[in-house]
Amino acid sequence: MKLDGRIAIITGAGSGMGRAMAQEFVANGATVVAVDVRTDPVAETVKLLDDGRSVAQTADVSSKADVERVVTETVERFGRVDILCNNAGVLDDYTPAHETTDELWNRVIGVNINGPFLFSRAALTPMLEQGKGVIINTASISSFVAGGGGAAYTSSKHAVLGLTKQLAFDYGKRGVRVNAICPGAIHTGMTGHLMTTEGRNPHVDAAIAATPAGRWGKPEEIAHMALFLASDDADFIHGAAFTVDGGWLLP
Ligand code: ADP
């Protein structure tokens, strides 16, 4: 199996893409430390995994203390960290800058970019000792263009790509590969409200209709890319950003 014996930390594993990644990784031989700020959903993920090895961790990715605790406990329990998926994220409900409160800005930046930085920094210690590791950041089509989010979301996702590139540049020769997945519109807990009558966003509806795929993506479609990037099949891939977006970025 592609990830036999690997230890993977996945953030935002309580639902959506993170849960799908956890399932894909365990199905391919990995043991997962499933991290989420919501306790019950992440416990449910581990229950679904049902592999007798994977564990749930309640942690806020924007908290340095939480992040360092998760990495320390992972190393204590499993002896290593082979894969880190920085996947936890929050939307900003397409809030334009003049309506973005300090609270909203700090929350979105805290989760979407401080989280990947804090977790990468902490996980690099065991990865550099091992001389091998893989970091996969969930970026977005909003890492390239405007309109997929508001000011805070788009800024945070551009930053995720910058972090991805710099980490890849700095650590590739020491055995750590770092890449990003850039999902388009994926139907998850985070975006579910956009499909309800109240939450419908005309911009998103029109954008999805205009894609070659013409539909929302599924979390498993992101997990397939994560499996590939986590595996040795991707050994020559460093600092890349893969769009999995049904063709949203084409026009
Ligand atoms: P998506 O799969 O599109 O990212 P979801 O909302 O389904 O959207 O999943 C995002 C996950 O990230 C949720 O389970 C959510 O609880 C989690 N999350 C949000 N903020 C944090 C945080 N600060 N720390 C850890 N996990 C978080």
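The values are calculated or read from the model by the stated rules, or taken from the named source; none is laboratory data. None of these values were measured; they are calculated from a predicted model. Every residue, glycine among them, receives a Cβ derived from its backbone with ideal geometry; neighbour counts consider all protein chains shown.
In summary, Lys157 fulfils each of the numbered conditions (1) basic (Lys, Arg); (2) over 29 Å from Arg77 (Cβ atoms); (3) at pLDDT 95 or above; (4) more than 16 Å from the ligand (Cβ to nearest atom) with the single exception of condition (4). Condition check for Ala223 on (1) farther than 30 Å from Met127 by Cα; (2) touching a residue at least 24 places away in the same chain (Cβ under 8 Å): one failure, at (1). Spot the failing condition for Ala65; the list is (1) buried (at least 18 other Cβ atoms within 10 Å of the Cβ); (2) farther than 19 Å from Glu24 by Cβ, and only one is missed. With (1) buried (at least 18 other Cβ atoms within 10 Å of the Cβ); (2) farther than 19 Å from Glu24 by Cβ applied to Ala65, the lone miss is (1). Going through (1) over 25 Å from Gly172 (Cα atoms); (2) of a type in the set (A, V, I, L, M); (3) more than 10 Å from the ligand (Cβ to nearest atom) one by one, Val71 falls short only on (1). Within region 122-161, being in contact (Cβ under 8 Å) with a residue 12 or more places away in the chain, surrounded by fewer than 19 Cβ atoms within 10 Å (Cβ to Cβ) and part of a helix (DSSP H, G or I) holds for Thr125, Leu128, Gln130, His158, Ala159. The single residue among Asp82, Asp93 that is at positive phi, more than 10 Å from the ligand (Cβ to nearest atom) and in contact (Cβ under 8 Å) with a residue 40 or more places away in the chain turns out to be Asp93. Checked against (1) more than 15 Å from the ligand (Cβ to nearest atom); (2) buried (at least 23 other Cβ atoms within 10 Å of the Cβ), Asn87 meets all criteria but (1).
Criterion applied to Glu24, Glu103 was being more than 9 Å from the ligand (Cβ to nearest atom) and within 18 Å of the chain's Cα centre (by Cα), and the one residue passing it is Glu24.
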